[in-house]
Amino acid sequence: MSPKPTVAVLIPVKAFAEAKHRLAPALGAAQRADLARNMAAHVVQSASPLQVAVVCDDREVRDWAVSVGAEVVWRPGTGLNGAVRSGVAHLRDAGYDRVIVAHGDLPLAGPLAPLGDWPGITLVPDRRNDGTNVIALPSDCPFEFSYGKGSFARHLEEAQRLRCSLRVLRDPSLGLDIDLPDDLDELAVMA
């Protein structure tokens, strides 16, 4: 009997004070920072019982990650795509077979552990089928992350280029990320 593969969750977290600028029409700066912190804490909780690593470049986020029991992967100046790529490599080198990359702005996220059971790549798009909220993949997969507007289509193409088994999971609880004021309205309806 082969040993059960190990799975970890990687959560990229931007500086709380700089997060969610597009919510400015609906929330003040302190409210946006609190919202970002609370959503990230929820995603950490949703990762239980898996190991959690927070990839960041902000000291406040680093201290927060330590306070919630997450490992810190310190990656200043790499941008989101570079930070995620480096974080996945760090977890691979630490012995994890699979990594679930879950963004920290998923206020309704349910348990993330089941996403680690698929042997290939799992993509979870946002509710608009534009962004990619969660990617689960083998830690040794040479996947090129390409976050930003239209990332879901690029990530689909990347999985197809690699000829990996692919699962697209459209899950309302993982599909709702909070970027725009109308996302707050949707959260109020779904919560």
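The values are calculated or read from the model by the stated rules, or taken from the named source; none is laboratory data. For clarity, every value in this text was computed on a predicted model and none was experimentally measured. All Cβ positions, even for glycine, are placed from backbone atoms using ideal geometry, and neighbour counts span all protein chains on display. When the accessible area is computed, the model is the full protein with side chains, heavy atoms only, and any ligands, DNA or RNA have been set aside. Shrake-Rupley method; radii C 1.70, N 1.55, O 1.52, S 1.80 Å.
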Criterion (out of contact with any Ser or Thr (no Cβ under 6 Å at 6 or more places or on another chain) and surrounded by fewer than 23 Cβ atoms within 10 Å (Cβ to Cβ)) met by exactly one of F152, F143: F143
Residues of region 160-182 satisfying the condition of being in contact with a Cys (Cβ under 9 Å, 6 or more places away or on another chain) and outside any loop (DSSP other than H, G, I, E, B): L162
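Within region 62-107, how many residues turn out to be part of a strand (DSSP E or B) and surrounded by fewer than 20 Cβ atoms within 10 Å (Cβ to Cβ)? Even if it seems obvious, please write down each step before you answer.
Pass one, region 62-107, residues part of a strand (DSSP E or B): 71-74, 98-102.
Adding the requirement that they be surrounded by fewer than 20 Cβ atoms within 10 Å (Cβ to Cβ) leaves 71-72, 74.
So the answer is 3.
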Residue in region 159-174 that is within 26 Å of A15 (Cα to Cα) and buried (at least 21 other Cβ atoms within 10 Å of the Cβ) present: yes
Residues (closer than 14 Å to A89 by Cα and touching a residue at least 24 places away in the same chain (Cβ under 8 Å)) located in region 53-79: A53, V54, V55, V73
Test: R62 is out of contact with any helix residue (DSSP H, G or I) (no Cβ under 8 Å at 6 or more places or on another chain), basic (K, R) and at pLDDT 95 or above: yes
Residue satisfying all of: in region 112-126; part of a loop (DSSP other than H, G, I, E, B) and more than 13 Å from P172 (Cα to Cα); most open to solvent (accessible area, probe 1.4 Å) among these: P119
Verdict on A8 being in contact (Cβ under 8 Å) with a residue 40 or more places away in the chain and over 28 Å from E186 (Cα atoms): yes
Among the candidates S173, S151, residue that is in contact (Cβ under 8 Å) with a residue 60 or more places away in the chain, touching a Gly at 6+ places or on another chain (Cβ under 7 Å) and either over 21 Å from R22 (Cβ atoms) or among the polar types (S, T, N, Q) (or both): S173
Number of the condition not met by A53 [criteria: (1) of a type in the set (G, A, S); (2) under 16 Å from the mean Cα position of the chain (by Cα); (3) not in a strand (DSSP E or B)]: (3)
Subset of region 17-49 [more than 23 Å from N81 (Cβ to Cβ) and assigned to a loop (DSSP other than H, G, I, E, B)]: A24, P25, A26, L27, G28, S48, P49
Top-ranked residue in region 111-146 [being without any contact (Cβ under 8 Å) to a residue 12 or more places away in the chain and farther than 18 Å from R92 by Cα; ranked as nearest to the chain's Cα centre (by Cα)]: P114
